[in-house]
Amino acid sequence: MEISEKFPLKMILELHKEIEKAFRDLWSSLPTMELKDLSYDPPADVEDLGDKYVVKIDLPGFKKQEIKIKVGEDYIQIRAEKGEELEEVGKKYIIRQRVYKKAVKEIKLPEKIKPNPREIQVKYENGVLEIIVPKAGFAKEVEILP
């Protein structure tokens, strides 16, 4: 590993990459087993645009109709589940890395949002789910003088 000005972040990212590779190699060496209940926590980005949040979640391999979104006053929950059954009879894998058939992500937001379906925008393109939710428009806390 190379040491640079961004030493801690770069070191953490390199470690993350090495751990992921170790797990991929481990999965590849294991015999096929029942995997239908295994779920995946997909990576996400949440951007604060002042009056709204933009949430992007990587869900490659899922069809639009396999994705369910729930929105509460201060959270967004995404569940995706592949409709196809795992057919494992007679298969012998040399490499087995695509084991997840379910993805679940819950994001707690720092401010209240408007859980109104007419005001929420959703787009799913190239395996990336984008959700734009408006903020509720009021402060979480106020100071009151006696």
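Between L26 and Q77, full extension at 0.36 nm per residue minus the direct alpha carbon distance yields a gain of 15.4 nm. For the pair M11 and K92, the difference between a 0.36 nm per residue extended length and the Cα-Cα distance amounts to 25.5 nm. Extending 7 Å from Cα along the Cβ direction at E18 and again at K70 yields two label points whose distance is 3.9 nm.
Between R118 and L49, the distance separating the two model label sites (each 7 Å from Cα on the Cα→Cβ line) works out to 2.0 nm. Under a 5 Å amide H cut-off, with hydrogens placed 1.01 Å from N, K112 pairs with A136 among residues at least 5 apart or on other chains. Stretched out straight at 0.36 nm per residue, the stretch from V104 to E130 would grow longer than its current Cα-Cα span by 7.9 nm.
Quick note: the coordinates plus some simple rules give every number you see, no bench work behind them. The structure presented is a predicted model; accordingly, all values stated were derived computationally and were not measured. FYI the Cβ positions are ideal-geometry reconstructions off the backbone, even for glycines, and counts take in every protein chain you see.
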